[in-house]
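Okay, structure first, notes after.
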Amino acid sequence: MPSTRIYADFNGLVNGPRNPERRAVVLDTFGSLRDLSNAGLVLQEGLPLIAVDYSDDDEDLEGHGTAQYDREQAWWVVEFDELGVRYVPAGDRSSVEKFLCVSCRQQLPITTPNDAFKPQATCAQCGTSVLAAFAPPPLAT
């Protein structure tokens, strides 16, 4: 499966939950949620992702890795591969205006973090939570 590029705030670097010797970035921002929802992805352990953040006008920060759920912190991260974070030429920085339902792909009236992070925010078409892409994995039995 090819890796999907999503925004992540690299100011939130932590140790990886699976491999504490590797760095990871927490997926808890509006941009991460929007990018996952627009890609139709609900996070799951081992999902390959490329986390991207702006560095300066000419370059971005980029980290290839996999989604991991940190049960102690109750959050998702991208745990980076052995190459860690690297600088790459700046990518497309055009503003993303759409926010699609992760399930039915209907465009949602979500334009701000306050709209998205309301626990009761759902898709009017199918009832899926706006936060569905960030749902914790089921508990192992």
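What follows draws every value from the coordinates through simple rules; no lab data is involved. Worth saying up front: this structure is predicted, and the values here are computed from it rather than measured. Cβ coordinates were reconstructed from backbone atoms using ideal geometry, including for glycine residues, and neighbour counts include every protein chain displayed.
Observations on the model:
- Furthest towards positive pole of dipole, F30, H64, P20, structure part the chain, Cβ charges: F30
- Average Cα contact separation per residue, region 7-66, under 8 Å, 6 or more apart, as relative contact order %: 30
- Taken about its Cα centre, the chain carries a charge dipole of roughly 680 debye when the Cβ of each Lys and Arg holds +1 and the Cβ of each Asp and Glu holds -1.
- Förster-model FRET efficiency, 22 Å R0, Y87 and D28, C-beta, rounded to 0.05: 0.40
- Here the contact order of the chain, divided by its residue count and restricted to Cα pairs under 8 Å and six or more residues apart, works out to 24 percent.
- Structure remark: mean-square fluctuation, Gaussian network model of the chain, C-alpha springs under 10 Å; the largest value among L61, L27, L83 belongs to L83.
- Rg to Rh, two decimals, where the chain supplies the alpha carbon set and Rh follows Kirkwood: 0.96
- Extreme residue, positive dipole direction of the chain, given options F10, A121, G91 (C-beta unit charges): A121
- GNM remark for the chain: springs join alpha carbons under 10 Å apart, and the peak mean-square fluctuation among F117, F80, F99 falls on F117.
- Measuring r between the beta carbons of D58 and E97 and using R0 = 35 Å, the FRET efficiency lands at 0.90.
- Nearest-20 debye value, region 59-141 charge dipole, Cβ charges on Lys, Arg, Asp, Glu: 500
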